[in-house]
Structure formats: C-alpha cells, structure tokens
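Read-outs throughout are calculated quantities, based only on the coordinates presented, and are distinct from any laboratory measurement. None of the values given here were measured: they were computed from a predicted structure. Because the Cβ atoms are built from the backbone with ideal geometry, glycine has one as well, and the counts that use them run over all protein chains shown.
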Amino acid sequence: MGGPSAAAETGHARSPLHSAPMSIVPLPIFERDADPKFRDAMTDEEIYARLKPPTSIVVKFGRMKLVGEYPYRGDAKPGCGSKLVVRSFRAVEIAEMLTTTCSNSGCGKSVSRSEMLNYIENSGGREYPFQTNGEVLRVATVEDLNRATACADKARGALGRVREIAGGLRFPAKIVDLELTLDESLLLVYYLSDERIDFREVAQALAREYGCRIEMRQVGARDEARLVADYERCGQHCCCKNFLKVLKPISMKSAKIQKATLDPLKISGRCGRLMCCLRYEDATYEELRKRLPKNKTRVGTPEGPGIVVDSKILVQLVLVQLDSPDGGFGREIAVPVEDLMDPDACPKPGEVADSDPLRGMSARKVRAKIAGARDEKLAKQDRYRDKNTGPGPADGAAGGASDGAAGTSSAAPRDGTDAAPGDGAAPAKKKRRRKRKKGGGADAAGAAAREPAADAGDDASDPIADAIPDPSEDLGADSLPESARDGEQGEGGRRRRRRRRRKGRGGGEGGGPAGGGPSGSEG
C-alpha cells in the first residue's frame with residue numbers, strides 16, 4: 001500500500017518533498033488530442049461537434065463595462081466576442097462574451113477560476129466591478145441586436161429632454177449620459193457631481209415622463225471620460241474606456257519621479273486629471289530609484305570622492321562633483337551606480353590624474369575644437385602685431401614715395417616672402433620712415449640708432465602668443481587637421497617668420513647695420 005500505484009489508487013497526491021518521484025498516468029483523451037495525425041484528420045465541424053457547451057461564461061455589459069460571471073444552461077457553443085442576452089442585477093440587456101471558466105483550462109480557449117480570481121485581485125480587489133448575480137439567457141439573435149441599437153438611439157435622443165427637465169428643476173449637476181436596457185424597463189441617468197445632492201424630484205419627473213424605473217448614478221470626472229471620451233493623444237482608445245475598471249488617483253509625485261514635464265496641459269488626460277498611464281511604470285521607477293543615492297550625499301568613485309549632484313533613474317547614472325586637491329569643488333563626472341563605493345575606500349583627489357577634458361567627444365568634434373583654438377590663437381597674434389606696428393594702408397602711397405627718394409627698400413611682407421626693392425612697402429614701416437625723414441639731421445640719426453632696438457624687440461618672444469596654450473602639444477600633431485599641421489605652427493614656425501622679417505629689413509632698410517640710410521651717410 002505504500003508504493004506509487006497505491007497512492008494513485010487511493011487518489012492521494014504525494015508530498016513534493018518526498019524523495020521518490022510521483023508517477024504520471026497518461027490519459028488517453030489528451031494523448032489522442034496531442035497526436036498531430038489525429039488532429040489533422042479532423043475537420044472543423046468534427047472538432048466543434050466534440051466540444052461541450054460551457055457551464056459558465058464571463059461577460060461584459062453596460063455603458064460602464066461591468067464584468068460578471070453568469071451560469072449558462074443552453075445548448076449553443078458561443079465563442080469569445082459573441083453577443084449574449086443576459087439577465088443582470090439590473091435588467092435584461094445585451095452582453096459580450098469574454099471567456100469561459102473551466103476547471104481544467106487546458107484547451108487554451110478558457111481560463112481557470114483561480115486565474116480569473118487572481119486577475120480580479122490584482123486589478124482592484126473589492127473595488128473591481130465584478131458581478132455574479134445573474135444568468136445568460138441565450139445567444140443574441142438579429143432581432144435582439146436591432147432592438148439594442150434602437151434602445152441606444154432612443155436614449156441618445158432623450159438626452160436633451162432630460163437635461164431640459166433637470167435645468168427646469170434647478171438640478172445642481174451635469175447630466176452626462178443615459179442608458180436604456182434591452183427590455184426598456186430601466187433608464188439609467190449618469191450625472192457629474194463632486195458632492196452628494198438630492199435627486200428625488202428629478203427622478204420623479206423623469207419617471208412620469210418616460211413611464212419606467214429611473215436610476216440616478218453619480219460619476220466623477222474620470223467616469224465621465226469613460227462614458228463620452230474616445231481617443232487619447234497616443235492614438236489609442238482611452239484606457240478608462242478600453243480596459244481599466246478601477247481608476248485610482250494619480251499624484252504629481254509620479255510625474256516628478258519619471259522626469260515628465262510638469263505642464264498640466266501635457267500630462268492631463270481627457271478628464272482633466274493626470275493621465276492613468278503615469279501609474280503603469282510607477283512601481284518600476286520606484287524600484288530603480290531605491291538603488292540610487294540621494295542628492296547631496298557623499299560617495300566614492302574610481303576618480304576620487306565627491307558629492308551627488310543629480311541622478312538618472314532609467315540609465316542608472318549618478319552625476320558626482322569631485323573634490324579638488326585644494327579642498328574645494330572639482331569637475332563633475334557621470335558614474336554608473338555599480339561603480340560607486342565607500343568615500344573612504346576610494347582614491348584621494350591628489351592620487352588620481354585628471355582625465356582628458358575631451359573625453360566622450362567624437363573625433364570630428366575634437367578636430368574642430370583644436371582647429372578653432374588654433375585659429376583663435378593666430379588671430380590674437382595678428383591683432384597684437386597690428387597694434388604695435390602702426391596703421392593700415394591709408395598712408396601707404398606717401399610712405400612709398402619717400403622711401404623711393406631715400407633709396408630704401410620695402411619691409412618684408414607678412415606672409416614671409418622676400419620683398420623686391422620696387423615693391424610697395426608695409427604700411428607700418430612707411431609711417432615710421434616718414435616721421436624719421438621729417439625730423440632730419442640728428443633726429444634721423446637718433447631714429448636710425450633706435451631702429452636696431454626695434455628690430456630686437458621684434459625678435460623677442462610675443463607675450464600674448466606665449467600666454468595662449470597650444471592645443472596640439474597634448475594631443476599630438478596627428479589629431480590636428482591638415483590646415484593646422486602645416487609649417488606655420490609651434491615655436492619653429494614663429495622663429496621662421498622672425499627670420500624672414502629680419503631678412504627683409506636687413507636687405508633694404510636704411511636703419512639696419514647693412515643699410516645705406518642716414519646713419520651710414522653720417523658715419
């Protein structure tokens with residue numbers, strides 16, 4: 001009596017903690033249904049003939065999409081989506097079949113009772129509009145469907161008259177919608193109000209008007225959207241109208257956690273309240289947020305300790321402001337939450353070298369940044385040179401004529417090429433030579449004596465140019481574009497430009513050592 005066969009005969013299941021596995025007895029009916037040859041050989045009519053009528057059906061009915069499970073005693077075998085005539089707790093009305101409940105639920109076309117009850121519990125529990133007081137009468141015929149359409153049209157046409165009666169009786173609420181049952185024995189009036197009001201006078205007037213039972217139902221703003229709304233901005237049916245049965249309130253905290261815009265016009269639905277979809281991912285955001293440190297807390301990173309400035313919930317990144325070696329605040333870095341550590345166990349601020357400031361930038365952006373810095377540096381050098389060498393080409397003609405009379409040559413062009421004696425002189429040197437010739441005599445000799453000092457000043461290092469950092473020193477010449485990798489960069493380029501300027505001045509200027517100007521004539 002203690003073996004597996006004895007347990008199977010007595011019908012007692014063995015404990016799952018038992019060491020010996022429980023024997024599985026194959027059932028012939030399931031083995032036959034699982035055989036592909038047997039299923040392929042059967043036609044749809046044969047498969048339908050083998051099905052048994054359901055004993056209970058889950059239906060959806062009414063303007064508020066109430067759900068109920070009602071017993072069924074008919075011989076027909078309806079499928080999901082079939083229209084049925086049911087007697088609900090209100091009256092006789094048209095319902096839509098959702099599914100059937102089966103104790104086995106192994107056919108894939110029905111759900112078990114435990115699954116259905118679990119779904120109801122997760123969807124609102126006691127607040128879920130689930131009904132069991134009623135029964136399924138029959139499958140709806142064409143006459144039933146036509147009558148249901150006529151009742152809906154009649155209720156829609158009577159809405160204006162009901163609002164007129166309510167306005168005449170000074171009813172302090174808005175009449176939202178009407179619903180007339182299939183047997184026309186009940187007229188449901190949905191009105192919008194935030195407070196409880198006395199509607200007995202209105203109900204009596206409507207009963208005299210239509211000669212049926214009147215039921216007044218108070219609804220809120222979300223229920224109003226369920227009755228009259230159609231589509232939301234996402235392009236789908238409103239969730240309250242489509243599948244939501246329990247409309248729980250939404251707080252602004254959910255929008256803040258999800259980093260959504262706080263503009264009420266963008267996060268509000270058709271009802272004017274916060275959109276229900278903000279609650280769908282609220283639990284996920286709350287779980288991910290618990291893994292992140294709070295702002296203004298001290299954490300450790302692979303690059304040193306710092307303070308949390310901000311965090312991104314979905315990507316699980318933390319923005320940390322590092323401590324500087326001098327005791328202040330350093331730069332900000334983004335660190336994954338997995339790389340955070342104890343601030344006492346992480347490297348100290350002075351032990352970690354600063355990372356590349358161009359980290360995270362693409363190669364194209366790095367080249368553009370380097371080229372921009374190089375162009376800015378050269379522009380500053382040109383502005384400094386123009387400021388210290390005189391005015392522009394306005395005085396060029398007069399200066400050139402006086403230079404020709406004195407037998408001097410022009411200064412070297414700024415591009416570094418050698419200048420011929422007959423070429424036009426540089427505007428800056430023209431002005432200085434004209435002033436020397438106007439002075440004449442000793443003044444000219446003094447000016448000629450001061451000319452070598454001016455040339456020596458040109459050979460000196462440019463203070464503004466030296467103060468500008470060269471971006472190509474840290475990143476290498478290979479990372480620069482071709483326009484910035486020519487021979488006119490670095491200290492060597494500056495020396496070559498100075499040599500060309502000295503060569504141009506020494507070949508024809510009278511103020512230089514090899515010139516034949518006033519200084520040479522007096523000597």
Order of M252, M216 under a 10 Å beta carbon neighbour criterion, fewest first: M252, M216
Report, for the range 48-140, the % of DSSP beta bridges that are antiparallel, rounded to 5. 85 percent
Calculate the spin-label point distance for N388 paired with A345, positioning each point 7 Å from the Cα along the beta-carbon direction, and give it in nanometres. 5.8 nm
Dimensionless Rg over Rh [the range 48-140; C-alpha; Kirkwood]: 0.95
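In square nanometres, what is one fourth of the surface area of the convex hull spanned by the alpha carbons of the range 297-355?
About 3.8 nm², averaged over all directions.
Please tell me which of these pairs span more than 20 angstrom C-alpha to C-alpha: K65/K248; K60/K174; K253/K312; K312/K365; K60/K241; K65/K241?
In this structure, K60/K174; K312/K365 lie more than 20 Å apart at Cα.
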What shape does the range 110-225 have by the C-alpha gyration tensor, where a ≥ b ≥ c are the square roots of the eigenvalues, rounded means a/c under 1.5, and otherwise prolate means a/b greater than b/c and oblate the rest? oblate
Residues D144, D177, sorted so that the one with the fewest Cβ neighbours within 10 Å comes first: D144, D177
